[in-house]
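The values are calculated or read from the model by the stated rules, or taken from the named source; none is laboratory data. The structure displayed is predicted, hence computed values, not measured ones. We place every Cβ from the backbone using ideal geometry, glycine too, and count neighbours over all the protein chains shown.
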Amino acid sequence: MKTESIPAGGEKAVAVERIPPILSKPLARYLELESILHNFFESTGYCKENYGKTCKGCCNENVVEYPKIITGCSELDEERIRIYGVGNLKGGCPYSSEEGCILKTHKTPKCIAYICPQFARALKEQGIEYDWLETHALLVSILNEAKFDWWSGSKIESYRISDEEFSEIKRQFKKSLKT
Ligand code: SF4
Ligand code: SF4
């Protein structure tokens with residue numbers, strides 16, 4: 001039987017790699033909101049039905065160039081690279097592929113929040129008012145525990161919230177999506 005040799009310390013290194021790091025609370029909350037939105041968008045089936053027919057894709061942000069003045073984004077970037085690698089650096093966004101975006105998690109706020117006007121209209125017809133800019137602002141605030149002045153990029157207000165307040169935000173968010 002063929003056996004593969006493990007270099008000294010190799011087992012330990014593999015084991016350590018499998019242990020998920022302890023995420024900061026803001027990033028953990030951000031990922032929770034990302035998951036809610038991702039599942040909601042998937043559940044509508046809208047993008048899948050339109051993909052490859054009329055849809056040209058909604059990737060309008062190259063994650064590598066996403067503004068990094070906002071501090072929470074660096075932890076998000078580090079985690080994304082740890083999980084998905086650096087991606088394909090030869091094209092535009094390193095995570096785009098012929099099948100669409102390869103990221104299931106850890107997207108930038110804009111990549112998570114944005115949907116095209118057609119999709120927004122379809123949601124509206126079902127009584128769901130979705131404003132991607134508002135969602136984008138919420139995600140950035142949660143990730144950075146701060147609100148920002150979008151023109152200068154400076155922090156204008158602290159946005160530290162308790163677990164109870166975050167639960168309420170999630171409840172309202174889900175309610176607005178009718179989930
Ligand atoms: S939001 Fe619109 S542009 Fe983006 S993938 Fe869905 S259908 Fe396509
Ligand atoms: S990370 Fe995904 S959604 Fe964002 S720009 Fe790249 S391919 Fe598009």
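Do any residues in the range 30-42 that are farther than 14 Å from I115 by Cα have Cβ atoms under 6 Å from those of residues that are assigned to a helix (DSSP H, G or I) and of a type outside the set (D, E, K, R), where the two are at least six apart or on different chains, and which pairs are they?
Taking only residues 6 or more apart or on different chains, the pairs are Y30/I142; Y30/L143.
Which of (1) aliphatic (A, V, I, L, M); (2) over 20 Å from G45 (Cβ atoms); (3) part of a loop (DSSP other than H, G, I, E, B) does L133 not meet, given it meets every other one?
That leaves (3) as the condition not met.
Here is a list: I102, I83. Which entry is surrounded by fewer than 16 Cβ atoms within 10 Å (Cβ to Cβ), in contact (Cβ under 8 Å) with a residue 12 or more places away in the chain and either among the small types (G, A, S) or farther than 21 Å from K48 by Cα (or both)? Steps first, please.
Working: I102 fails: either among the small types (G, A, S) or farther than 21 Å from K48 by Cα (or both).
After applying the criteria, what remains is I83.
When only residues in the range 83-134 that are away from ligand 1 (no atom under 13 Å from the Cβ) and of a type in the set (V, I, T) count, which is nearest to E34 (Cα to Cα)?
Looking at the filtered set, the residue picked out is T105.
Just checking, does the range 38-56 include any residue being modelled with pLDDT of 60 or more, assigned to a helix (DSSP H, G or I) and either touching a strand residue (DSSP E or B) at 6+ places or on another chain (Cβ under 6 Å) or under 16 Å from V140 (Cβ atoms) (or both)?
Checked against the condition, which is being modelled with pLDDT of 60 or more, assigned to a helix (DSSP H, G or I) and either touching a strand residue (DSSP E or B) at 6+ places or on another chain (Cβ under 6 Å) or under 16 Å from V140 (Cβ atoms) (or both), the range 38-56 yields no hits at all.
Which of (1) loosely packed, with under 11 Cβ neighbours inside 10 Å; (2) farther than 14 Å from L37 by Cβ is the odd one out, the single condition N144 does not satisfy?
(1)
Confirm whether Q172 is more than 23 Å from K48 (Cβ to Cβ), out of contact with any Cys (no Cβ under 6 Å at 6 or more places or on another chain) and either at pLDDT 90 or above or surrounded by 15 or more Cβ atoms within 10 Å (Cβ to Cβ) (or both). Write out each step before concluding.
On the way: more than 23 Å from K48 (Cβ to Cβ): yes; out of contact with any Cys (no Cβ under 6 Å at 6 or more places or on another chain): yes; either at pLDDT 90 or above or surrounded by 15 or more Cβ atoms within 10 Å (Cβ to Cβ) (or both): yes.
Judged against the criteria, Q172 is a match.
Quick check on my filter: what residues within the range 148-179 are part of a loop (DSSP other than H, G, I, E, B) and not aromatic (F, W, Y)?
First, the residues of the range 148-179 that are part of a loop (DSSP other than H, G, I, E, B): 149-154, 159-162, 177-179.
Across the range 148-179, the qualifying residues are D149, S152, G153, S154, R160, I161, S162, L177, K178, T179.
Taking G92 as meeting all but one of (1) of a type outside the set (D, E, K, R); (2) loosely packed, with under 15 Cβ neighbours inside 10 Å; (3) away from ligand 2 (no atom under 11 Å from the Cβ); (4) touching a residue at least 24 places away in the same chain (Cβ under 8 Å), write down the number of the exception.
(3)
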